[in-house]
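Worksheet: the structure to be examined is printed underneath.
The values are calculated or read from the model by the stated rules, or taken from the named source; none is laboratory data. Given the structure is predicted, the values throughout are model-derived calculations rather than measurements. Please note: Cβ atoms are built from the backbone with ideal geometry, for glycine as well, and neighbour counts cover all protein chains shown.
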Amino acid sequence: MNNKAVTIIKEVLVAVLTIAIALAIGAVLVSVSGNDPVEAYQTLFRGAFGSKQRMSEVFVKMIPLSMMAFGVSIAFKAQLWNIGGDGQFILGAICGILPGLYFNLPPILLMPLSLVCGMAGGALWAGAAAWLKVRFSANEVITTLMLNYIASYFLSFLVHGPMMDPAGGDFPQSPNLAEIYRLPLFSDRLRIHGGIFVGILVAVVMLFFWKTILGYRIDLAGQGDKVATYSGMNVKRTMIITMMVSGALVGLAGWNEIYGVQYRLLEGLASGYGDIAVVIALLGGLNPLGIVIASFFFSALLVGGATMQRMTEVPYSIVDIIQGLVIVFIIARASMNLSFVKNLIGRRKSHA
């Protein structure tokens, strides 16, 4: 077994252990709240996997979350902290729906066009943050986060104003997409749709992405500006390209949500997916396989958690706490790894 395979296995095992510890602490909190943790987790499990409909909902959430996690992982690999998933998701949804609402084209032409528009919306929104970093040395954590608010308010303006559905009363939403433009459903009783094939394609592409020239340059950029510069690479241009590729995948998730689930623009469309995608990417160790596993877990947690809240007296905030614990353990893991490396270097120097 080569070193890369061993590293991947270790990352997966660490992710599983992180989830297990978070669930164990969550069980303690459920017990403190006066509820039975075994019953709560059984309800959560049944809520996620107890029927075809519920399993369908898990995959409905998993598709955009995994796409977004793949997107932010690309930026993270280059040490660019793309925290603007919600904004890029929203811009992808807005740009993606425009052809469907205003262009009268056959589906074979409109679907690829709308997909490209959705990816372009996310790419340009992330690219704006990258340009600010390159041009003014603006911190991308702050700019991507602030761009989330701009995108959210822009969406609110559209659904209350120029794109508001005249037949929708006072409800802030855009008109519905025509049925011929919607991604096909697997069944009339299930919400799982053809976007799952797009998600699978993205996952397959990500498996090979880091072996491409662009993937190699992004990975090299993550080693530091000096290393990248000495290799003859244009660091600033690579930063912008990296963020745009990252945003394009997040925008693709927005397109998927519109054409596969919502069929229209709504306020609160992103549902905090961007924050969850960051956790998924980190929990998965920025590895495609790890991200798929982590996105499946979080999707099941979100779907099952909603059922747990309805069927028991356990508050949904327990789900948020479990997510927060995962974040804490990820940060702690990174800190412990860093301390271990420093101690190891220190011991080697002392022996020398």
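Structure notes:
- Residue count, the range 172-190 (criterion: charged (D, E, K, R) and free of Cβ contacts under 8 Å to residues at least 12 places away in the same chain): 2
- Residue within the range 328-343 that is surrounded by fewer than 18 Cβ atoms within 10 Å (Cβ to Cβ) and modelled with pLDDT of 85 or more present: no
- Some residue of the range 191-204 being assigned to a loop (DSSP other than H, G, I, E, B) and surrounded by fewer than 18 Cβ atoms within 10 Å (Cβ to Cβ): yes
- Annotation: Gly268 fulfils all but one of (1) more than 14 Å from the chain's Cα centre (by Cα); (2) within 25 Å of Ile327 (Cβ to Cβ); (3) in contact (Cβ under 8 Å) with a residue 60 or more places away in the chain; the unmet one is (3).
- Verdict on Val6 being loosely packed, with under 13 Cβ neighbours inside 10 Å, in contact with a helix residue (DSSP H, G or I) (Cβ under 9 Å, 6 or more places away or on another chain) and not small (Gly, Ala, Ser): no
- Qualifying residue in the range 270-293 (condition: in contact with a Phe, Trp or Tyr (Cβ under 6 Å, 6 or more places away or on another chain) and not in a helix (DSSP H, G or I)): yes
- A single member of Met239, Met243 is in a helix (DSSP H, G or I), within 19 Å of the chain's Cα centre (by Cα) and not small (Gly, Ala, Ser), and it is Met243.
- Scanning the range 135-143 turns up at least one residue that is surrounded by fewer than 16 Cβ atoms within 10 Å (Cβ to Cβ), within 23 Å of Ile276 (Cβ to Cβ), in contact (Cβ under 8 Å) with a residue 40 or more places away in the chain and not basic (Lys, Arg).
- Answer residue from the range 78-107, given it is closer than 12 Å to Asn256 by Cα and of a type in the set (Gly, Ala, Ser) and is surrounded by the most Cβ atoms within 10 Å (Cβ to Cβ) among those: Gly92
- Qualifying residue in the range 74-88 (condition: more than 14 Å from Val250 (Cβ to Cβ), touching a Leu at 6+ places or on another chain (Cβ under 9 Å) and in contact (Cβ under 8 Å) with a residue 12 or more places away in the chain): yes
- Only one of the numbered conditions (1) touching a Cys at 6+ places or on another chain (Cβ under 7 Å); (2) over 22 Å from Thr242 (Cα atoms) is violated by Leu110, and that is (1).
- Top-ranked residue in the range 285-317 [being aliphatic (A, V, I, L, M) and over 21 Å from the mean Cα position of the chain (by Cα); ranked as modelled with the lowest pLDDT]: Val314
- Among the residues of this structure, Ile331 does not count as one that is in a helix (DSSP H, G or I), among the β-branched types (Val, Ile, Thr) and touching a residue at least 24 places away in the same chain (Cβ under 8 Å).
- Neighbours by Cβ (under 7 Å, 6+ apart or cross-chain): first from the range 241-257, at positive phi; second modelled with pLDDT under 95 and assigned to a helix (DSSP H, G or I): none
- Residue in the range 131-144 that is in a helix (DSSP H, G or I), closer than 15 Å to Gly71 by Cβ, out of contact with any Pro (no Cβ under 6 Å at 6 or more places or on another chain) and of a type in the set (Val, Ile, Thr) present: yes
- In the range 169-189, the residues that are farther than 19 Å from Phe154 by Cα, touching a helix residue (DSSP H, G or I) at 6+ places or on another chain (Cβ under 6 Å) and of a type in the set (S, T, N, Q): none
- Any chance Pro112 is assigned to a helix (DSSP H, G or I), surrounded by 15 or more Cβ atoms within 10 Å (Cβ to Cβ) and at pLDDT 95 or above: no
- Taken together, Val32, Val38, Val16 contain a single residue that is of a type in the set (A, V, I, L, M, F, W, C), surrounded by fewer than 22 Cβ atoms within 10 Å (Cβ to Cβ) and within 26 Å of Leu289 (Cα to Cα), which is Val16.
Listed here are the residues, each with its yes/no results for (1) closer than 22 Å to Ile322 by Cβ; (2) touching a Gly at 6+ places or on another chain (Cβ under 8 Å).
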residue: Ile25; (1), (2): yes, no
residue: Gly47; (1), (2): yes, yes
residue: Asn82; (1), (2): no, yes
residue: Leu98; (1), (2): no, no
